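Here is the structure we will look at, set down as structure tokens.
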Amino acid sequence: MRCLREHLDRGMGKKHRKLQATGRSLYSTIGQVVGAVVNIILDPIMIYGIGPAPEMGVKGAAYATVIGQVASAVLLFVFHIKCNKEFEHSVKYMKPDGGIIREIYAIGLPAIIAQALMSIMVYVMNLILKFSPSAQTAYGLFYKVQQFVLFLAFGLRDAITPIIAFAYGMHSKQRIRDGIRYGLLYTIVLMFIGVAITEIFPGAFATLFNAGQSREYFIGAMRIISISFIFAGINVAYQGIFQALDGGLESLVISLLRQLVIILPLAGIFSIFVRNGQMGVSLIWWSFPITEFIACLAGYVFLKKIERNKVESLD
């Protein structure tokens, strides 16, 4: 069931991206929202056996997810066929082209690795925090809050990338500069809002996620790690910019710095002081803002390099 869901998700993602690439983000949003709504409606029906549906528990939740993905994939496919007139849909146009495939994976492979790094980081962080179950729980709960806030940056990145890529294809230096400038500006504004909400209402989030005995750790983690949202948002925007300007390697390096190279050794070193009783658990939380700040500096250097080598050289 999980494999089926992943295959459907990948197929849905391709149609979703094609609609975005042709400027039809509204249809992309409608397709995804429909899938989510179908999933939400079917979850209680199939889990608890409401109406004619039998009670299936966790299995029912899996079925609801797959059905929601199918509904979304079908709707997005219809939108793609009906609305994306820029694409030729005949089978004869689906012949593989080695050059195009290489260009796709030059950008796509770093993005694939970046997605895998997130799972590795979460797993290793839980190992580092193993000495304190309360801290582990707090981190797990805060991770949900963090992803919720960063989804704002991810959404803007998905808008920034095609806009800058289109301008890059046009060889329009001014449009590229405007896309970078305003993309970063809007991202920073949204991240400031995210930081403000998490800093002002940590207790509300603790209650919402039922932190229980981990409440103190959760609030402490939120107050410190949320500082990193601004730099994390900028880093996410940088990655979208790099991908648009054929900088897949630079995007991958930012991911490695954020999720592996800096964060894990730093958190591991800080945990030694915590386990020895020299410092509190809050020291470990500081590894997140420090990591994002350093990665942000590296991203700025990469951005200037790409602008000099690829943007300024355009005709």
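The values are calculated or read from the model by the stated rules, or taken from the named source; none is laboratory data. What you see is a predicted model; the values in this text were computed from it and never measured. As a convention, Cβ positions derive from the backbone with ideal geometry for all residues, glycine included, and neighbour counts pool all protein chains shown. Just so you know, the surface numbers come from the protein's heavy atoms only, side chains and all, with ligands and any DNA or RNA stripped out. Shrake-Rupley method; radii C 1.70, N 1.55, O 1.52, S 1.80 Å.
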* Structure fact -> Excluding near-sequence neighbours (fewer than 8 apart on one chain), the chain holds lysine pairs with C-alpha atoms under 24 Å apart numbering 20
* Asked: What number, rounded to the nearest 500 deg cm²/dmol, is the helix-based mean residue ellipticity at 222 nm of the chain, given -39500 (n - 2.57) per DSSP H run of at least four residues and division by all its residues?
  -> -27000 deg cm²/dmol
* To do: Note the full-extension length gain between Gln174 and Gln32 as 0.36 nm times their separation in residues minus their Cα-Cα distance, in nm to one decimal.
  => 47.8 nm
* Structure fact -> If exposed means GluC sites (Glu not before Pro) lying in a DSSP loop and surrounded by at most 12 other beta carbons within 10 Å, then the longest stretch of the chain lacking such sites spans residues 89-311
* About the Cα centre, charge dipole magnitude for region 47-138 (Lys/Arg +1, Asp/Glu -1 at Cβ), debye -> 60
* Accessible area, 1.4 Å probe, largest first: how do Tyr182, Tyr143 sort? -> Tyr182, Tyr143
* Points 7 angstrom from Cα along the Cβ direction at Ile45 and Phe166: gap in nanometres? -> 3.8
* Inter-site label distance for Phe77 and Ile101 at 7 Å from Cα along Cβ, in nm -> 2.3
* Using a simple charge model, +1 on the beta-carbon of Lys and Arg, -1 on the beta-carbon of Asp and Glu, nothing else, what dipole does the chain show about its Cα centre, in debye to the nearest 20? -> 360
* Cβ-derived FRET efficiency at R0 41 Å, Glu216 paired with Arg24, nearest 0.05 -> 0.30
* Any idea how far apart Ala196 and Phe131 come out in nm if each label point goes 7 Å out from Cα toward Cβ? -> 3.9
* By how many nm would the segment from Ile112 to Lys144 lengthen if fully extended, with 0.36 nm per residue of separation less the alpha-carbon distance? -> 9.4 nm
* **Rounded to the nearest 10 Å², the accessible area of Leu303 at probe 1.4 Å** => 10
* **GNM result for the chain, Cα springs below 10 Å: residue of Gly60, Gly194, Gly108 fluctuating most strongly** => Gly60
